[in-house]
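Everything below concerns the one structure shown next.
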Amino acid sequence: MSLITMQHVVKTYVMGDERLEVLKDVNLTVNPGEFVAIMGPSGSGKSTMMNIMGLLDTFNSGLYTLRDTDVTHLTDNERAHVRNREIGFVFQSFNLMPRMSLLENVALPMVYAGVGRRERQERAAAALTQVGLGDRLDHQPNEISGGQMQRVAIARAIVNRPAVIMADEPTGNLDSKTSVEIVRIFQQLNAAGTTVVMVTHEPDIAQYAKRIISFRDGVIQTDETLKQPQKAGADQ
Amino acid sequence: MTVIESFKMAIDAITANKMRSFLTMLGIIIGIAAVIAILAIGNGATTRITGTFNDLGATTISLSVSNKAGNDAQLTAADLQAIKQADTRVTAISPNYTLAGFAATNNQDEQAIVFGGTPDLQYTNTVMDSTITAGRYFTQAEYDDAAPVAVISVDGAAQLFPNQHSAVGQMITLRSRTTSISVRIIGETQSTVSKYQGAVRRSSFPVYVAIPYATMKLLSINAGGITDVTMKVRSRNDITSVSQSTVRLLETRHDVVGQHLYTARNYLAALDQVDSVLGLFVNFIAAVAAIALIVGGIGVMNIMLVSVTERTREIGTRKALGATTRDILIQFLLEAVILSLIGGLIGLTLGIVLAEVVAGWLGITAHITWQAVILVLLFASAVGVFFGLYPARKAAKLNPIEALRYE
């Protein structure tokens, strides 16, 4: 059974008199355990696709099924709950809460999930350990590097054990060496069974995914499965 | 999300910007401090002024006889007894004859106000207090016998006998324009005037002396028939009905019904006027303070709007992580309420201190009731809710995508 099924998804923006068709009848299926890179130039619709998949945005027509549940027509509150439990976001600019410790940052999704304080701390500490920051639980975001901040964001994304991680240009603000480190974490998580969808405009970063989907002018232009994805080894 | 979590987040946000939070609270602090101080001082002043009025005769009725009344209609001692016996609400009744004269010893000669009445004069006289500080008041027998005895105000005694601990047992001479009599002092009382103006030099007041009415007749040729009577009733509520029934009783006794020869006056109208002037004053200042609070509330709203704009990305991130519209609304609303409430608590403390200081200057007691404290804190919270709602709704309604994109 597929994890994400999108059928005939159409998204139109109306700007004054102009109708801008950002997604034109997109069909896409993502299976559990996949690592998908979504590519395309700006304006191609890849970010809109990401926002719709992440239930941050709505669409005009079509069907969206996530983990066997039709999520096409949900209220704002229901979508907030699905985002909380099924989707882990990683952003280009990390988006950590500046006045919270790393532990509190990672625990934040569980606050909205209604998890008790003690369990939150244990699970947040475990998630930070998983991304290699188990010794910096009480640090503030301004005390660590960009690469480390993105690791914290990944820990925050996985802490509620979501169905899929949605990463929007996760290496956009990082140097190439750090970018590879981040992608390696995605590969490790993926190897352990986590589904990852990553939007990127960098072809060499996309090479680390198992499947690359290219958008152009609101439609999927290519959809190829890599026989041998690049491995982000420890030596790189 | 639990309330405790929202509460913690709000406190974190407030403490992150301590100076700004304090400046935001300032309007609330000033408003609440003003409200509390004014309520406390206003209450104190009201208590003080109505207290003064009670001393001066809030339960007092003055009876007078028209000068058109013939000999048959003049008041007698029997009339006074009948009035007191007819109504248990009448606690005291006495003629109220006042004479300006002199009181002298061998060494001192002072201006004196001499009152003549029944033993009830102790309670009906509004200048000399009913509190006996030494000796005793004159009795019914001394009244009947026109005994040469007198009760003197305590500071009058000090003027006439500056070197003696007590004037009781001493002889003094009372002098009117026409004659003089010698009386023995048998008691001392507090005097209302000196009690309230203790700061003023004592010798600037006359000596107050109370003597039996019959004795007064020996001193003054005018003190023949009784023309002025003062009576006391149990409470303010009795005044109107006792006034009416007393006038009716006198008209019946003297067979002059409907001739309007007797008048009963009281101070109720004056008291009501003082109450309403005081109430007006307190309301006016309270309105000014309320305006200060509203200005403070606008300050809270302003800073919350700035805060929402500053934290647009944070709001977007929280929404992406699963915060519902309600979570965001509560977070920002709680922040505004806590901001206002902390301001309210600081203002409360400041207001109490202010009230005590000002009350000290005015020589009154500040009255801070727990109702006022609760009212003021509720009001501060209400200001927080009212002025926090708009910014909080604005935050809660933010589109997550636009919020995440906000630079």
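We did not get these values from a lab; they are worked out from the coordinates using the rules stated. All values derive from a computational prediction rather than experimental measurement. Using ideal geometry, Cβ is built from the backbone for each residue, glycine included, and neighbour counts are taken over all protein chains shown.
All distinct Cα pairs of the range B:235-318 go into the 1/r average, and the inverse of that average, the Kirkwood radius, is 18.9 Å. Dividing the summed -39500 (n - 2.57) terms of all DSSP H runs of n ≥ 4 by the residue count of chain B sets its mean residue ellipticity at 222 nm at -19000 deg cm²/dmol. Over chain B, Cα pairs under 8 Å with separation of 6+ residues give a relative contact order of 29 percent. Could you give the DSSP H helices of chain B that reach 24 angstrom or more along their long axis (alpha carbon positions) and whose average Kyte-Doolittle hydropathy is no lower than -0.5? Helices meeting the criterion: B:18-57, B:268-310, B:325-362, B:370-396. Assuming charge only on the beta carbon of Lys and Arg (+1) and of Asp and Glu (-1), the dipole of the protein assembly as shown about its Cα centre is about 340 debye to the nearest 20. Here residue B:362 and residue A:231 are evaluated by their C-beta separation; at R0 = 56 Å the FRET efficiency comes out at 0.05.
Considering helices alone, the calculated mean residue ellipticity of chain A at 222 nm is -10000 deg cm²/dmol, with DSSP H runs of length four and up weighted by -39500 (n - 2.57) and normalised per residue.
With 5 Å bins beginning at zero, the pair-distance distribution over Cα atoms of the range B:59-266 amounts to 1, 7, 16, 19, 18, 15, 11, 8, 4, 1, 0, 0 %. When the charge dipole of chain B is built from unit charges on Cβ atoms (+1 for Lys and Arg, -1 for Asp and Glu) and taken about the Cα centre, the candidate among B:362, B:406, B:260 whose Cα reaches farthest toward its positive end is B:406.
Nearest 10 degrees, 0 to 90: what angle lies between the long axis of helix A:176-191 and the longest principal axis of chain A (Cα atoms)? Between the helix axis and the principal axis of chain A, the angle is about 80 degrees.
If both residues of a DSSP beta bridge must be in chain B, then about 80% of such bridges are antiparallel.
Applying both filters, DSSP loop and at most 16 other Cβ atoms within 10 Å, to the trypsin sites (Lys or Arg not before Pro) of the range B:98-188 gives B:136, B:177.
Axis of helix A:76-86 versus longest Cα principal axis of chain A: the two differ by about 60°, to the nearest ten degrees.
For residue A:198, the residues whose amide H sits under 5 Å from its own are A:36, A:37, A:38, A:167, ignoring neighbours fewer than 5 places away on the same chain, with H placed 1.01 Å from N.
Where does each of B:6, A:42, B:66 land when they are ranked from fewest to most other beta-carbon atoms within 10 angstrom? Least to most surrounded, the residues fall as A:42, B:66, B:6.
Per-residue shielding of B:310-321, expressed as the average number of other chain Cβ atoms within 10 Å of the residue Cβ, stands at 6. The DSSP beta bridges internal to chain A are antiparallel in roughly 55% of cases. For residue B:18, the lysines whose Cα falls under 19 Å of its own Cα, not counting residues fewer than eight places away in the same chain, are B:8.
Seen from residue B:12, the other residues with C-beta closer than 10 Å to its C-beta sum to a net charge of 0, counting Lys and Arg as +1 and Asp and Glu as -1. Relative contact order, whole percent, for the range A:4-225 stands at 30, derived from Cα pairs under 8 Å and 6 or more residues apart.
In order along the range A:22-34, the Karplus-derived 3J(HN,Hα) couplings, from 6.51 cos²θ - 1.76 cosθ + 1.60 at θ = phi - 60°, round to 8, 10, 10, 6, 8, 10, 8, 10, 10, 9, x, x, 7 Hz, and Gly and Pro are given as x. Residues whose amide H lies under 5 Å from that of residue A:2, counting only those 5 or more places away or on a different chain, are absent; hydrogens are built 1.01 Å from N in the peptide plane.
Centre-to-centre separation between the Cα atoms of the range B:1-63 and those of the range A:171-236: 63 Å. Simple point charges give the picture: +1 on the Cβ of Lys and Arg, -1 on the Cβ of Asp and Glu, and for chain B a dipole about the Cα centre of about 1160 debye. When DSSP beta bridges are restricted to pairs lying wholly in the range B:59-266, around 80% turn out antiparallel.
Here the simple spin-label model places points 7 Å from the Cα toward Cβ, and for residue A:61 and residue A:1 these points are separated by 2.9 nm. Between the range B:223-287 and the range B:120-196, how far is it from one alpha carbon centroid to the other, in angstrom? Answer, in whole Å: 28.
A straight Cα-to-Cα reach below 18 Å connects residue A:46 with the lysines A:11, A:24, A:210, residues fewer than 8 places away in its own chain not being considered. Dipole of chain B (Lys/Arg Cβ +1, Asp/Glu Cβ -1, origin at the Cα centre): which of B:44, B:328, B:219 lies farthest to the positive side? Toward the positive end, the furthest listed residue is B:328.
Straight-line reach from residue B:319: taking Cα to Cα under 15 Å and skipping same-chain neighbours fewer than 8 places apart, the aspartates and glutamates in range are A:57, A:76, A:78, A:86, B:327, B:402.
For the range A:37-62 versus the range A:17-33, the inter-centroid distance based on Cα atoms is 6 Å. Placing +1 on each Lys and Arg Cβ and -1 on each Asp and Glu Cβ, with no other charges, gives chain A a dipole about its Cα centre of roughly 560 debye. Over all Cα pairs of the protein assembly as shown, how is the pair count split among 10 Å bins, expressed in % and running from 0 up to the last occupied bin? The percentages, shortest bin first, are 3, 12, 15, 13, 9, 7, 7, 7, 7, 8, 7, 4, 1, 0. Distances between placed amide hydrogens fall under 5 Å for residue A:89 paired with A:166, all partners being 5 or more residues away or on another chain.
So what is Rg over Rh here for the range A:93-236, counting just Cα atoms and using Kirkwood for Rh?
Expressed as Rg/Rh, it is 0.99.
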